[in-house]
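Structure record follows, encoded as structure tokens.
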Amino acid sequence: MKRKLFAGLLAAVIALTGSPAVGGVANVVYAEDVVTEITSEKIALNDASLAGEDGFFELSVGEEVLGYSNAVDASGKKLNFETEWRFVTDEELSDVGLAVQFYSKYDDAKKASEDTNRVVFDGVIPAGAFGKYVYKWVAAGLLDDAGNLTSDIAFKLLRSVYPVTDWGDTDYQTFCLNDNEKTVSVYSIYNNDTAFSASFQKIITVGGKKYAINAIGDYALDNTNGSSGLRSVTMHSGITSIGKEAFKGAKNLKTIKIKGKITSVGKNAFNGINKKAVFKIKASAADYKKIVSLIKKSGVTKTVTFKRI
């Protein structure tokens, strides 16, 4: 299998460059018997990763998969993009028969490459990839003085950092598939400086299949653009778990409405919320006491108040 896959990559370089051989292959990296990287003597891919068009490592259904990387020479010096090197396009890679991007349930390159149920796809991430990992071949080559691709090309098989999420019917939340593959958690709540309130669907549909939302995941609130926007949160009765640091840093979060039975609250789930925040909890007397205890034990500031509604 090593020989076949390696030969296929050599054929890709030959077809792209017209050269009789790869220009000085210095290193071929295997994940057991699967080629995961080919480094030329003159060029290598450095800090390579997969991300969406927004640059985030999180990839969602319907997004384009983009490869990000720098190119360096043998000494580690950064090469100049578009004057000294360029990416080999997906079209060029697929033209020589390379499965440019595919998805699999496995987070291991060997298992994913041998997965008989892996799915090769073009374009954006399909619904079938929900909860799975995306893999993509990225290649970069040196340019000659005329700006043409040379035989010095580096290849790398990249994997998405996280399993694929879905936006549901929202424009500011994403959801991840739970281990039971029957329910989902709120994965990201995209936050900005504009005031907004967050509420959550009870059901999302992905690829024609319905999933119940039963949890707020760890680190759910994305603070890339600051944490001042979120003002209130309403959790429906189906949500039973709140992950660690889920709402950390939401300094203007003043109202948290909880309906139903919360059975777990992660450490520092509400760390840094407004000091005068009010938790409004709709539950039986016994469940109310349990929920309050869980929130207090998670590390919430002592100045917040609780009300049973």
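The values are calculated or read from the model by the stated rules, or taken from the named source; none is laboratory data. Given the structure is predicted, the values throughout are model-derived calculations rather than measurements. Positions of Cβ are generated from backbone atoms using ideal geometry, with glycine treated the same way; all protein chains shown enter the neighbour counts.
Annotations for the structure displayed:
- Of all residues making up the range 260-281, the number that are over 13 Å from I295 (Cβ atoms) and either of a type in the set (D, E) or at pLDDT 95 or above (or both): 3
- Any hit, the range 61-68, residues being modelled with pLDDT under 90 and crowded, with 19+ Cβ neighbours inside 10 Å: no
- Scan of the range 96-130 for residues that are in contact (Cβ under 8 Å) with a residue 40 or more places away in the chain and in a loop (DSSP other than H, G, I, E, B), ordered by number: V96, G97, L98, D107, D108, G123, V124, I125, P126
- With respect to (1) free of Cβ contacts under 8 Å to residues at least 24 places away in the same chain; (2) of a type outside the set (D, E, K, R); (3) assigned to a helix (DSSP H, G or I), the lone exception for L93 is condition (1).
- The set of residues in the range 81-105 being closer than 15 Å to L149 by Cβ and among the polar types (S, T, N, Q) consists of T83, T89.
- Residue in the range 262-281 that is closer than 20 Å to Q201 by Cα, touching a helix residue (DSSP H, G or I) at 6+ places or on another chain (Cβ under 9 Å), without any contact (Cβ under 8 Å) to a residue 60 or more places away in the chain and loosely packed, with under 15 Cβ neighbours inside 10 Å present: yes
- For the range 72-107, the candidate set comprises residues that are within 26 Å of V120 (Cβ to Cβ) and small (G, A, S); within that set, the residue that is modelled with the highest pLDDT is S104.
- Among the residues making up the range 282-303, those that are assigned to a loop (DSSP other than H, G, I, E, B) and crowded, with 19+ Cβ neighbours inside 10 Å are A283, S298, V300.
- Hits in the range 184-223 (condition: assigned to a strand (DSSP E or B), in contact with a Gly (Cβ under 7 Å, 6 or more places away or on another chain) and not hydrophobic (A, V, I, L, M, F, W, C)): S185, Y187, N214
- The condition of being among the polar types (S, T, N, Q), at pLDDT 95 or above, on the phi < 0 side of the Ramachandran plot and in a loop (DSSP other than H, G, I, E, B) holds for only one of S228, S237, that being S237.
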